[in-house]
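Peer 1: This structure is in structure tokens; I'll ask about it shortly.
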Amino acid sequence: MQFNIDAKWLLTGEGAMIQETDNNNAPTSNRSVEIARQVPHGSSEGIPLIPLDAVAGFPAESGGGVRLEDCERYVIPEFENKGANFLIRVSGDSMVPLYYSGDLLACRKITDIRFFQWGTIYVLETSQGVIVKRVQESLDHADSILCVSENSSVHHPFLLPRDDIRSLSIIVGLVRLV
């Protein structure tokens, strides 16, 4: 059995949260399983959805343009159990086939940005905005990391100076609208 989250509900909070389908993708009964719910505006409950695309910008803790109390929030127990601090929407095709434009990434902030797990995908806030990249060690430039896209036939790897990283987060979950 699979569950499809209704895009209208996710974006507006209206309608049914999920549509249950059987293996033939035919709607079945109206049984409800709470896997996610939106909470009232201004609530501190739930995980904030940062209202920016991953490549357009990101609120830095030291005076960014978005206040977390102004963000829409969603209660997604699976993500909360994994320590998610925020959700952010992917924009662009550099990480296809892992992440598609419109996907929502559940992220957990990492406090020590000096340490990387090489080969891991991170959400990095930089002076140029937010990027979602696989991080590799730069053997020739100790002061930089190598940012690698999954869609490498279109997007080539590039060096990112370590001192340009404002915040670092690891991805702990994904919501994909179908």
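Peer 1: Being β-branched (Val, Ile, Thr) and without any contact (Cβ under 8 Å) to a residue 24 or more places away in the chain narrows it down to one residue among THR120, THR126, THR111; which is it? Steps first, answer last, please.
Peer 2: Values: THR120 fails: without any contact (Cβ under 8 Å) to a residue 24 or more places away in the chain; THR126 fails: without any contact (Cβ under 8 Å) to a residue 24 or more places away in the chain.
One residue alone meets the criteria, THR111.
Peer 1: Select, from VAL148, VAL154, the only residue that is surrounded by fewer than 19 Cβ atoms within 10 Å (Cβ to Cβ) and either in contact with a strand residue (DSSP E or B) (Cβ under 6 Å, 6 or more places away or on another chain) or within 16 Å of LYS82 (Cβ to Cβ) (or both). Talk me through it step by step, then tell me what you get.
Peer 2: Numbers: VAL154 fails: either in contact with a strand residue (DSSP E or B) (Cβ under 6 Å, 6 or more places away or on another chain) or within 16 Å of LYS82 (Cβ to Cβ) (or both).
Exactly one residue qualifies, and that residue is VAL148.
Peer 1: Further, regarding this structure: So which residues in segment 99-126 are within 14 Å of the chain's Cα centre (by Cα), surrounded by fewer than 17 Cβ atoms within 10 Å (Cβ to Cβ) and among the small types (Gly, Ala, Ser), if there are any at all?
Peer 2: Within segment 99-126, SER101, GLY102 qualify.
Peer 1: Could you check HIS141 against (1) touching a His at 6+ places or on another chain (Cβ under 7 Å); (2) part of a loop (DSSP other than H, G, I, E, B) and say which number it fails?
Peer 2: Of (1) touching a His at 6+ places or on another chain (Cβ under 7 Å); (2) part of a loop (DSSP other than H, G, I, E, B), only one is false for HIS141: (1).
Laboratory data are not the source of any read-out in this text; all were calculated from the coordinates shown. Since we're looking at a predicted model, the values are computed, not measured. A quick note on method: Cβ atoms are made from the backbone with ideal geometry, for glycine too, and the neighbour counts reach across all protein chains shown.
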